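Beneath this line is the structure, given in structure tokens, with notes to follow.
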Amino acid sequence: MTYDFVEPVVFALLSIGLIAGGVAVVMLSRITAAALLMAFTFLSMAGMFVLLGAETIALFQVLIYVGAITVLILYGVMFTKFSDRPRALFFQRQTPFAAVFVAAVAIPVAIIALSFTSPTPRPGGGDLIPLATSVFTDFAFPFEIASVLLLAAMIGAIVLTKRDEPEEAAARRRR
Amino acid sequence: MPVGPFGIDPLIWAPLRLVIAVGLALFLVLNGALLQIYLERKIQAIIQDRLGPYHVGPFGLLQTFADALKLISKEDVRAAATDGWFFVAAPALVFCPMLASWVVLPFAQDIVGANLNVGLLYLTTLGSMTVLGIVIAGWASNNKYALVGGLRSAGQLISYEIPQILALVSVTLVVGSLSMIDITRSQAGPFVNVLVLPFSFVIYFIAALAETNRTPFDLPEAESELVAGWLTEYSGMRWGTMLALSEYGNVTVVCAIITTLWFGGWQGPGVDAIPLLGVLWFTLKVYGFIVVMMWIRATLPRLRIDQLMSFCWKGLIPMALVNIVVVAVLALAFPTTKIPIAIASWLLLAVFVAGIPVVQRRRLRALRARARAATAPAARAAS
């Protein structure tokens with residue numbers, strides 16, 4: 001008796017969690033529940049990465065998406081009133097467009113996924129040192145571009161949300 | 001048929017090992033929390049010239065057991081307006097990452113749950129997940145004190161995570177590994193990492209105090225100002241799980257990280273002869289740092305939230321970045337010796353310690369001048 005069946009079972013559980021979580025995020029109208037389920041989806045995704053032997057990616061997935069992005073989304077939810085306007089007024093009229101877009105994305109993905117033959121597995125592919133080396137040598141340019149983009153977004157956010165100093169605002173009012 | 005350890009079928013052994021590990025970690029967390037609450041009370045009592053608990057059991061040793069029994073037997077109160085499942089889920093979301101991080105703590109040479117090659121990253125990741133539970137708790141309580149407390153707490157935790165991680169990076173640069181076991185092994189002999197990297201240790205220790213909500217950074221649960229912040233609506237064992245177990249568990253985890261990274265982990269005299277002695281050394285070092293944290297709690301007053309944030313963003317993060325640059329350059333320039341890094345790190349520490357009062361005095365002077373300028377026209381108008 002061999003134990004090869006364990007991995008497909010874990011994979012199946014994770015995929016069910018991933019897909020069900022993703023569907024629930026879209027379908028639920030309670031936005032905090034959606035945010036929490038999104039964290040769950042990210043965790044299932046991290047489990048997938050662990051299954052593929054990429055622990056580092058899995059940990060970064062949890063660190064960034066669960067620890068930072070979900071918390072940011074919850075922050076955003078808490079600072080917004082969501083009862084002011086009727087929900088989903090805008091999105092519900094877009095069914096035909098949505099169907100076209102979903103088809104445009106889903107059909108190529110399905111074709112690629114079905115015709116995909118996995119390359120020979122390279123052990124240690126998720127290892128930290130090769131990952132770091134490739135980020136800072138082969139992919140240095142994309143990495144820097146992403147960093148500059150994030151920096152620009154950060155500075156933009158600060159500029160947009162910065163309030164004037166109280167004295168300055170008072171001085172302007174007096175003028 | 002494959003046979004695992006102790007002649008047990010590996011298919012049974014793998015889940016069994018998980019159950020044993022979780023049970024052991026739970027046992028350690030529960031008893032550690034009881035012991036640390038007792039220690040905290042006694043140490044604060046000694047520092048403040050009081051007696052502390054002494055009625056229940058010898059030296060009041062059973063006081064925390066009695067308190068725990070009281071907490072467990074308390075009625076499970078939930079306000080009607082709280083947000084159902086979230087309110088129940090939040091304590092678990094705070095507790096589980098803490099429990100999971102015990103997996104990689106190296107208690108002794110071979111006594112470790114899992115020797116992950118990214119162990120340090122794993123600990124950081126789990127530390128960042130606590131914020132989610134705190135925000136959810138604040139939201140689900142449906143109470144303005146809890147909500148504000150939760151948001152403030154999340155802001156503090158997210159901010160102090162940055163210097164914490166940056167301080168860890170410099171250790172990894174010197175050691176060249178993220179595995180807790182390898183980091184401990186690299187510090188054989190008396191030359192532990194704190195002699196090489198004292199500055200990153202100080203940064204990490206300050207940030208860790210904030211991460212575990214210890215004084216002087218215990219704003220998230222400031223009883224006197226925020227009616228205990230995000231914990232307002234919680235009582236009984238939910239409160240116990242979130243505050244007592246998770247906080248003291250996190251303190252232990254953080255102190256274990258400090259011990260492993262900067263103070264040689266389980267290593268100590270006589271470990272090579274009797275490997276089990278490592279558990280003793282590790283525990284002693286960890287509890288040494290826990291006692292230091294309690295000593296700080298009994299000594300220092302609480303910071304204000306703006307002081308807390310400006311200290312992190314204007315003080316700790318820039319210095320941590322400078323530290324990383326210096327350590328990385330020196331590690332590349334002198335790959336064979338650690339002495340230049342040690343000299344640079346001690347110098348940085350001296351600059352940091354000497355610089356804080358200078359900067360603080362200048363800031364205060366500027367603030368005072370601004371306040372005077374703001375009130376002067378009003379005073380003239382009134383007269």
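The values are calculated or read from the model by the stated rules, or taken from the named source; none is laboratory data. Everything numeric here is computed off the predicted structure, so don't read it as measured data. Reconstructed Cβ throughout: ideal geometry from the backbone, glycine too, with neighbour counts over all protein chains shown.
Data table
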quantity	calculated
Qualifying positions in the stretch A:55-78 - more than 8 Å from chain B (Cβ to nearest Cβ), surrounded by fewer than 19 Cβ atoms within 10 Å (Cβ to Cβ) and small (G, A, S)	A:G76
Scope the stretch B:325-366; condition farther than 29 Å from B:L219 by Cα and β-branched (V, I, T); matching residues	B:V325, B:V326, B:V327, B:V329, B:T336, B:T337, B:I339, B:I341, B:I343
Where a residue in the stretch B:80-96 is surrounded by 20 or more Cβ atoms within 10 Å (Cβ to Cβ) and its partner, wherever it lies, is basic (K, R), with Cβ under 6 Å and at least six apart	B:P91/B:R238
Single unsatisfied condition, B:E75 versus (1) farther than 29 Å from B:V286 by Cβ; (2) within 10 Å of chain A (Cβ to nearest Cβ); (3) in a loop (DSSP other than H, G, I, E, B); (4) not aliphatic (A, V, I, L, M)	(2)
Matching residues in the stretch B:320-340 - criterion: being under 22 Å from B:I356 (Cα atoms) and touching a helix residue (DSSP H, G or I) at 6+ places or on another chain (Cβ under 6 Å)	B:A320, B:N323, B:I324, B:V326, B:V327
Residue ranges of helices (runs of 4 or more DSSP H) in the stretch B:132-251 with at least 2 members surrounded by fewer than 21 Cβ atoms within 10 Å (Cβ to Cβ) and modelled with pLDDT of 85 or more	B:144-175, B:198-211
Criterion (of a type outside the set (A, V, I, L, M, F, W, C) and either within 30 Å of B:A140 (Cβ to Cβ) or touching a residue at least 12 places away in the same chain (Cβ under 8 Å) (or both)) met by exactly one of B:G52, B:G23, B:G57	B:G23
Residue match in the stretch B:109-131 (condition: more than 22 Å from A:I129 (Cβ to Cβ), among the hydroxyl-bearing types (S, T, Y) and within 12 Å of another protein chain (Cβ to nearest Cβ))	yes
Counted residues, the stretch B:79-107 - those being assigned to a loop (DSSP other than H, G, I, E, B) and at the interface with chain A (Cβ under 10 Å from one of its Cβ atoms)	1
